[in-house]
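Colleague: Sharing a structure below in structure tokens format, with a few things to ask.
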Amino acid sequence: MTMEKFRAVKSVAAPLLENAIDTDVIFPARFLLLLDREGLGRYAFSERRSGPEPFVLDTPPYDKAEILVTGENFGTGSSREQAVWTLADLGISCVIARSFGEIFFANCFKNGVLPLRLGGDDMAAVETAAKAAEEIVVDLEEQSIRLTSGRTIAFDIEPNLKRSLLLGLNDVGMILVDDGDAIEAFEARRRADMPWIPIDIAKLHELADQQDNGS
């Protein structure tokens, strides 16, 4: 239910300037039986990283990048949430792309990763900074990207998605925060009206955490 709270990230941005990189490239299907999030980063882009050419995320200084810059339709393909898990385990907390696969985009917010859509001159400026290995600052509270050139690029984000990242809470966590009093009131009425149906709220929280951890 909880994630690391997102504020601002300052990092070089790894340029992976290709279009239509799908979830099978990000996290190949043969690893789908691995359910533990910890350590999944070693399988990210497995085919690319085992090829003859050096892969950008294994090449200094981009091997320490917390930002990934890519092209159109990033994360297209299957709905596997592990595609986001593996990026997060690599240390990627922000992906800047021209467009995203719809399900991948939604999964990012559920796992503490900020996906940003940019286009035109703004995206070109970010791509140039990434290729030059310049540090980029992504500030979620200010909704801005700051480049070393002095340029500031504003980005849009839905208020509820921004709030969930700032609080470090996924969908379940947000429900418990926003509707906790209503849930407790309902449970109090249920216990009074139907005392023969016991529900252990602490156990429900435990089960929700287990689901989040893929167990």
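The values are calculated or read from the model by the stated rules, or taken from the named source; none is laboratory data. From a predicted model like this one, the values you see are computed outputs, not experimental measurements. Quick reminder, even Gly has a Cβ in these numbers, built from the backbone with ideal geometry, and neighbours come from all protein chains shown. The protein model used for the area step is the full one, side chains on, heavy atoms only, and it has no ligands, DNA or RNA in it. Shrake-Rupley method; radii C 1.70, N 1.55, O 1.52, S 1.80 Å.
Colleague: Ratio to report: Rg/Rh of the chain, with Cα atoms as the point set and Rh obtained by the Kirkwood method; give two decimals.
Modeller: Expressed as Rg/Rh, it is 1.05.
Colleague: Give me the Kirkwood hydrodynamic radius of the stretch 18-89, using the inverse of the mean 1/r over all pairs of distinct Cα atoms, in Å to one decimal.
Modeller: The Cα-based Kirkwood calculation yields 12.6 Å.
Colleague: Right, next: I'd like to compare 25-33, 80-88: which one has the highest average count of other Cβ atoms within 10 Å, and what's the full order after that?
Modeller: 80-88, 25-33
Colleague: While we're here: In the chain, carbon and sulfur make up what percent of the accessible area (probe 1.4 Å)?
Modeller: Its accessible area is 51 percent carbon and sulfur atoms.
Colleague: For the ranges 59-65, 107-113, what's the packing order if you count other beta-carbon atoms within 10 Å of each residue, average per peptide, and put the highest first?
Modeller: The packing order, highest mean first, is 107-113, 59-65.
Colleague: Using Cα centres only, tell me the gap between the stretch 6-23 and the stretch 46-101 in whole Å.
Modeller: Taking the Cα centre of each part, the stretch 6-23 and the stretch 46-101 sit 6 Å apart.
Colleague: For the chain, give the share of DSSP beta bridges that are antiparallel, in percent and rounded to the nearest 5; count only bridges with both residues there.
Modeller: 50 percent
Colleague: If you don't mind, another one. Using heavy-atom solvent-accessible surface (probe 1.4 Å) with all chains present, what is the largest-first order of Met3, Met194?
Modeller: Sorted descending by solvent-accessible area, the residues read Met194, Met3.
Colleague: Let me ask something additional. In percent, what relative contact order does the chain have, based on Cα pairs under 8 Å that are 6 or more apart in sequence?
Modeller: 26 percent
Colleague: Loop only by DSSP, 15 or fewer other Cβ within 10 Å of the Cβ. Give me the GluC sites (Glu not before Pro) in the stretch 106-136 that pass, ordered by residue number.
Modeller: Glu134
Colleague: Accessible area per residue for the stretch 1-138 in Å², computed with a 1.4 Å probe and the full protein assembly in place, what is it?
Modeller: Each residue of the stretch 1-138 exposes 46 Å² on average to a 1.4 Å probe.
Colleague: Accessible area, 1.4 Å probe, largest first: how do Ser78, Ser50 sort?
Modeller: Ser50, Ser78
Colleague: Would you mind computing, in nm to one decimal, how far apart the modelled labels at Glu141 and Asp22 are, each placed 7 Å from Cα along Cα→Cβ?
Modeller: Those two pseudo-labels are separated by 4.1 nm.
Colleague: As a test of reading the structure, rank Thr128, Thr23 by solvent-accessible area (1.4 Å probe, protein chains only), most first.
Modeller: Thr128, Thr23
Colleague: Here's a follow-up. Reachable lysines from Lys110, Cα under 28 Å, same-chain residues fewer than 8 places away excluded?
Modeller: Lys5, Lys10, Lys64, Lys162, Lys203
Colleague: To continue, here is another question. Quick check on the chain: helices-only [θ] at 222 nm, where DSSP H runs of length 4 and up contribute -39,500 (n - 2.57) each and the sum goes over total residues. Nearest 500, please.
Modeller: Result for the chain, helices only: -11500 deg cm²/dmol.
Colleague: Could you pull the accessible area for Lys162 with a 1.4 Å probe, rounded to 10 Å²?
Modeller: Its heavy atoms expose roughly 40 Å² to the probe.
Colleague: Could I ask something else about it? Under a no-solvent Debye model with one identical scatterer per Cα of the stretch 94-147, what's log10 I(q)/I(0) at q = 0.16, 0.20 Å⁻¹?
Modeller: -0.51, -0.77
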